[in-house]
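J.: Here it is, the structure, as structure tokens.
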Amino acid sequence: MKKVSVKLVPLGKKFQAREGTPLIDILHEYGVEFPCGGKGTCGKCRVKVLKGSIEADENHREKLHKLDLSDNWRLACLSRCTEDLVLEVEQYEVIIQADETTFDFTPQTGLGIAFDLGTTTLVGQLLDLSSGKILAVETDMNPQKVYGSDLISRLETALSNGSEEMTRIIREKIGEMTGKMMQDRKVPVDRMVIVGNTVMQHFFCGYDIKPLSFYPFKSPNLNLATFTSDELGWKIPPSSQVSFYPSIGSFVGSDILAGILATGMHRKGAYSALIDLGTNGEIVVGNKERLLCASTAAGPAFEGAKISQGMQATTGAISSIDGNEQGWRCSVIGNGVSRGICGSGLIDAVSVLVEGGLIGEFGEIISGESEIALDSRVSLSQKDIQEFQLAKAAISAGIEILIRKLGIQIEKISDVYIAGGFGNYINLENVIRVGMLKFPEEVMHKLGNSALIGGKMFLFEDPDHPDGILEIIEHVSLESEPGFQDIFIENLAFGG
Ligand code: FES
């Protein structure tokens, strides 16, 4: 019998099923629950059809109508897969971090909108520029997720099919979110700032992504890009100015530039560090005289990719593990059964297993077995541990090189800011224990959504000189630094 492929987002799992198989038969394996037992009355098993189509008979349509669900929603309990599908499962919640941090600013007139355009999530906030008050917030998932949850898959798709579609859907989504925030407002938005990583910048601005995909990974399009809302095809009146802020280097985007502004590290005499533990593991170290930044190619291990049971931080992910002499206890997002492990859980798992003597100093599983069961459903393999070691060594070696290049000792760093949604959920004690960050816990601060905080601050700045940061920052290519390989290898081992 013919097989069809089904992909579930934001989980990122893809599997084959026999054509015509009821979705209820396969989705429960992936942690989807069917509270009304598949009667089609609770609506909790709803899925959004992102690609392909699912036939709905009259009964199904009636149920959808009663639940006020629009055209591309289906109830999984009443659906069958008859062709290749990409489905967004509503039960897999992704935590989207908005922000309410206050900051100093010089009041201006009018309205401004700041957007954090993330690989996974999108957050926009509308501000009254005279008071700094947040008037509206919009959050959503990045619609490009249908082409893969990580940057690499999206770059691959864009390389083979062209990036026009990536550009079209992200512009359309940001335009739609902006429209919602501006609904029923009498005055137009005066300024709009968008920040994001370099790949997102290239997709949004419609730049050629080939320079980001091949050696020497140098794009000529890193500067500030300004559009009118008309040019973007948005239906907001009239021609508001939309600025995508500049990237600092090929893999250090304006989300990091915004993060620097949010920390104020570019204005301090004392040395600070800013660390974003996403795919590229961006690092900035320095003070008001000089800032050095780099991306570390930490790889997508912390985002679940390359880890055998890795997944994003959604329902069913082991997100933290507490250990003691007796063993350990896993906490699962949503408190249901575990389906995999996300970045923060991975750090905890390795730390607890190293501490418990189950993993050796060089990452070897002491028992000689090929994996360690974390609970009855999720295990960590020898290869997963190696992937973790590569990611954590990339971060710690990157920090070491930037500190050396500044000619200072690590003790000189008085504040370390951990950026990004993932950074907010990590256990700092465990991060130190596995040797990923070698700073004392008391100097480390979790920043929350620093990209959005900085994006809002940019609304009050001259876009051509974002608070003088670009004048003092230098992008360092870690791989070309003398001694990089040796430092990287030294950092593979566990321990402080
Ligand atoms: S399980 Fe209740 S509507 Fe599908």
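Every number here is computed from the coordinates shown, using simple stated rules; none is lab data. Nothing here was measured: the structure is a model prediction, and the numbers come from that model. A quick note on method: Cβ atoms are made from the backbone with ideal geometry, for glycine too, and the neighbour counts reach across all protein chains shown.
J.: Which length gain, in nm to one decimal place, applies between Lys44 and Ile134 when the Cα-Cα distance is subtracted from 0.36 nm times their residue separation?
T.: 29.2 nm
J.: Could you tell me, in Å, what Rg and Dmax come out for the Cα atoms of the chain?
T.: 23.2, 72
J.: What are the ³J(HN,Hα) couplings of the stretch 417-427, residue after residue, when phi is run through the Karplus curve with 6.51, -1.76, 1.60 and θ = phi - 60°? Round to Hz, x for glycine and proline.
T.: Ordered by residue, 3J(HN,Hα) equals 9, 9, 9, x, x, 4, x, 5, 9, 7, 8 Hz.
J.: Under the 0.36 nm per residue contour assumption, what length would be gained going from the current alpha-carbon distance of Asp190 and Asp464 to full extension?
T.: Here the answer is 97.0 nm.
J.: Can you compute 3J(HN,Hα) from phi for each residue in the stretch 336-343, using the Karplus curve 6.51 cos²θ - 1.76 cosθ + 1.60 with θ = phi - 60°, rounded to whole Hz and x for Gly and Pro?
T.: Listing the rounded values in order: x, 7, 7, 10, x, 9, 9, x Hz.
J.: How many nm separate the modelled label positions at Gln16 and Lys383, each set 7 Å beyond the Cα in the direction of the Cβ?
T.: Modelled inter-label distance: 1.8 nm.
J.: So how compact is the stretch 81-161: Cα radius of gyration and Dmax in angstrom?
T.: Gyration radius and largest Cα-Cα distance of the stretch 81-161: 17.5, 58 Å.
J.: Do any chymotrypsin sites (Phe, Trp or Tyr not before Pro) in the stretch 1-98 lie in a DSSP loop with no more than 16 other beta carbon atoms within 10 Å, and if so, which?
T.: Qualifying residues, ordered by number: none.
J.: Still on this model: Can you give the Kirkwood hydrodynamic radius of the stretch 99-245 from its Cα pairs, in Å with one decimal?
T.: Evaluated on the stretch 99-245, it is 16.0 Å.
J.: Identify all aspartates and glutamates with a Cα-Cα distance to Lys383 below 12 Å; exclude those on the same chain that are fewer than 8 residues away in sequence.
T.: In chain and number order, the partners are Glu364, Glu369, Glu371.
J.: So which GluC sites (Glu not before Pro) in the stretch 344-397 end up in coil per DSSP with only 16 or fewer other C-beta atoms within 10 Å?
T.: Answer by residue number: Glu361, Glu364, Glu369.
J.: Also: Determine the shape class of the stretch 266-393: with a ≥ b ≥ c the square roots of the Cα gyration tensor eigenvalues, call it rounded for a/c under 1.5, and otherwise prolate if a/b is greater than b/c, oblate otherwise.
T.: prolate
J.: Calculate the length of the line joining the C-alpha centroid of the stretch 375-426 to that of the stretch 306-373, in whole Å.
T.: Taking the Cα centre of the stretch 306-373 as reference, the centre of the stretch 375-426 is 17 Å away.
J.: For Ile341, Ile275, Ile321, what's the fewest-to-most ordering of other Cβ within 10 Å of each Cβ?
T.: By the 10 Å Cβ count, ascending: Ile321, Ile275, Ile341.
J.: Also, I was wondering about something else. I need the shape label for the stretch 428-469. Rule: rounded when a/c is under 1.5, else prolate if a/b > b/c, else oblate, with a, b, c from the alpha carbon gyration tensor.
T.: Taking the square roots of the gyration eigenvalues as a ≥ b ≥ c, the stretch 428-469 is prolate.
J.: Between Ile194 and residues 5 or more places away or on another chain, which pairs have amide H atoms under 5 Å apart, with H built 1.01 Å from N, and which residues are they?
T.: The list, which skips near neighbours in sequence, is Phe115, Ser243, Phe244, Tyr245.
J.: Relative to 2.2 N^0.38 Å, what does the C-alpha radius of gyration of the stretch 339-472 come to as a ratio? Two decimals please.
T.: Normalised Cα radius of gyration, the stretch 339-472: 1.30.
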